[in-house]
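What follows is a set of notes on a single structure, which appears directly below.
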Amino acid sequence: MSTSSQPARHVRLRSETSVGLPAAGTEATNAPRIIIAMHPLRFTGTELIKIARLPLVWAIVAVFALVNLMLAATVPANTVALHNYASAVAVTIGGRTGPDFSRKLAQVDAGADESGRSTVNNVASGATTDATDAATAADASSTPEATDHNAIVITARIPTDSTLTNDELHRQLTAVTRGTTNTLATYDPAATRDAMLAQVAGDPVATWLMQRKYDAYATRVTHLTAAGAAMDLAAGTATDDTLLHWSRMTSYLFYETCVLAVLLMALALGSERTSGTEQLLMTTRTGRRLAAPKIAAGLIATTVAYLLLVAAIVVPYLMVFDVRGVWSASVSSQFNTVFGQQPFVTWWDLTIGQYLFVRLTLGLAVTLCFALFTAVLGLLIRNTFAVAGLVGMTVLLLTGLVGVAHSLGSPWLAWIGGFNPVGVLLLRNQWFTELGLDAPTAFWETGVTACSLVYLTAGVLLARHSFNCKDLK
């Protein structure tokens, strides 16, 4: 009989030790409650180590990072050349187009070579020989333009494999900026408003919502017109290429990080089941309380993975592109449009750099939503593969629901079906704009993401309560 009682006593001691209970002492009466309440913070690090030791996680992160590096580095040399030249011009003479800009651009010395008075510096060029320098100096002394002290010298980072000469870069930039006008001043948002209202005609609530949204949209257009946002240079014709490049890279990024969020959270919650120790762990109250640090570890690991993959596109991008004179331009510049036609009007004033930052921030929030949804399913199902499969099915169903709603011309079905992280992800290329019939209000993607974080967090709390109360099967 004594033999059968010893294991029970041993389990109890292990349980008390695991939560840090004192062996004796009258001062420790309230200590167990305090330490048990703090144990999620104590065990989160342990759960993170478990995730970090999984080779599968690092293999997937490495593959995704390699893909992002390739996307960020493989940009046509001529696109980089025009972008960097325009950026250098904006830094030197200012980034607001107009008559004054055209006058200063005409003074740029576009014919100089890579000598001391070069207009464009090749990023990989070597030093010129003494003979070349002497010949260049002789030519410069005999050329009247070279003695013109009003000539403006531009120093830009141009790839060695670019086929565009200095003169061609100057000519292209001059062509796209000559005679620019404030295009927002001639843009009539009423046409867009009327088109949207026609699609919700007969629905008084939807009509009221769309009227309020497009009244705010017209106010934004008026404000940006007065601010001259359309006149910002934003790298000329190269902007469309570079911003599309960014949209393409971040689209891959968001899909990658959402997949990683599901994987990391499912593995964090299912590690004991995978290793065969779940039965032993869940027989104690302390073992069930480990759900909180596991969820915290999954969220932290998701955030770290997101930042790593962001770095894999941002770092090489900054190494290739000169953003000094471009990212400070308004994202609503006439050189940046939606589908090549409609102005890119955001709900608050943003430069290109700021827009990319808030875009990445919203992407992180959407990724955390996927992690929270996985946590809900993981607590209820407790099967890693089943959880991952169910998340994938949910994404496909919601995507199909939004598509069917659009095909049927049912805005309410599209709004309800898109009131979740999946719906926000589908609108990723037009975040912070009016979004047409996809959104009944301003800041739709931001509001939906915030609400998703709230109701998914509530779902995690309810699922955890259910997890703590039900019997282990």
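Kindly list the number of the only condition in (1) aromatic (Phe, Trp, Tyr); (2) within 17 Å of Leu435 (Cβ to Cβ); (3) open to solvent by 70 Å² or more (accessible area, probe 1.4 Å) that fails for Trp208.
So Trp208 meets the others, but not (2).
If you go through the range 64-95 one residue at a time, how many are touching an Asp or Glu at 6+ places or on another chain (Cβ under 6 Å) and either within 17 Å of Met319 (Cβ to Cβ) or surrounded by fewer than 19 Cβ atoms within 10 Å (Cβ to Cβ) (or both)?
Within the range 64-95, residues that are touching an Asp or Glu at 6+ places or on another chain (Cβ under 6 Å) and either within 17 Å of Met319 (Cβ to Cβ) or surrounded by fewer than 19 Cβ atoms within 10 Å (Cβ to Cβ) (or both) number 4.
Every residue in the range 94-113 that is under 14 Å from Ala329 (Cα atoms) and either not β-branched (Val, Ile, Thr) or not in a loop (DSSP other than H, G, I, E, B) (or both), please.
Gly94, Gly95, Arg96
So how many residues does the range 416-444 have that are outside any helix (DSSP H, G or I), open to solvent by 40 Å² or more (accessible area, probe 1.4 Å) and within 20 Å of Gln342 (Cα to Cα)?
Total satisfying the criteria: 2.
I'm checking my understanding of the structure. Among residues of the range 386-415 that are in contact (Cβ under 8 Å) with a residue 60 or more places away in the chain and open to solvent by 40 Å² or more (accessible area, probe 1.4 Å), which one is nearest to Thr449 (Cα to Cα)?
Trp412
Any idea how many residues of the range 76-94 are farther than 16 Å from Thr155 by Cβ and of a type in the set (Val, Ile, Thr)?
Number satisfying all stated conditions: 1.
Quickly run through the range 326-359 and pick out the residues that are assigned to a helix (DSSP H, G or I) and out of contact with any helix residue (DSSP H, G or I) (no Cβ under 8 Å at 6 or more places or on another chain).
Once the filter is applied, which keeps residues that are assigned to a helix (DSSP H, G or I) and out of contact with any helix residue (DSSP H, G or I) (no Cβ under 8 Å at 6 or more places or on another chain), the range 326-359 yields Gly353, Gln354, Tyr355, Phe357, Val358.
Out of (1) crowded, with 23+ Cβ neighbours inside 10 Å; (2) modelled with pLDDT under 65; (3) among the charged types (D, E, K, R), the odd one out for Lys294 is which?
(2) is the only condition that Lys294 fails.
So which residues in the range 300-322 are in a loop (DSSP other than H, G, I, E, B) and either small (Gly, Ala, Ser) or open to solvent by 30 Å² or more (accessible area, probe 1.4 Å) (or both)?
Result: no residue meets the conditions.
Here are the criteria: (1) within 14 Å of the chain's Cα centre (by Cα); (2) open to solvent by 30 Å² or more (accessible area, probe 1.4 Å); (3) farther than 30 Å from Asn78 by Cβ. Tell me which single one Val366 does not satisfy.
The one condition Val366 does not meet is (2).
Is the range 379-396 home to any residue that is part of a loop (DSSP other than H, G, I, E, B) and under 19 Å from Trp347 (Cβ atoms)?
Within the range 379-396, none of the residues are part of a loop (DSSP other than H, G, I, E, B) and under 19 Å from Trp347 (Cβ atoms).
Does Val460 count as assigned to a helix (DSSP H, G or I) and either open to solvent by 30 Å² or more (accessible area, probe 1.4 Å) or at pLDDT below 90 (or both)?
no
The values are calculated or read from the model by the stated rules, or taken from the named source; none is laboratory data. Worth saying up front: this structure is predicted, and the values here are computed from it rather than measured. Here the Cβ is made from the backbone with ideal geometry for all residues, glycine too, and neighbour counts use every protein chain on show. These accessible areas exclude ligands, DNA and RNA; they are computed on the full protein's heavy atoms, side chains included. Shrake-Rupley method; radii C 1.70, N 1.55, O 1.52, S 1.80 Å.
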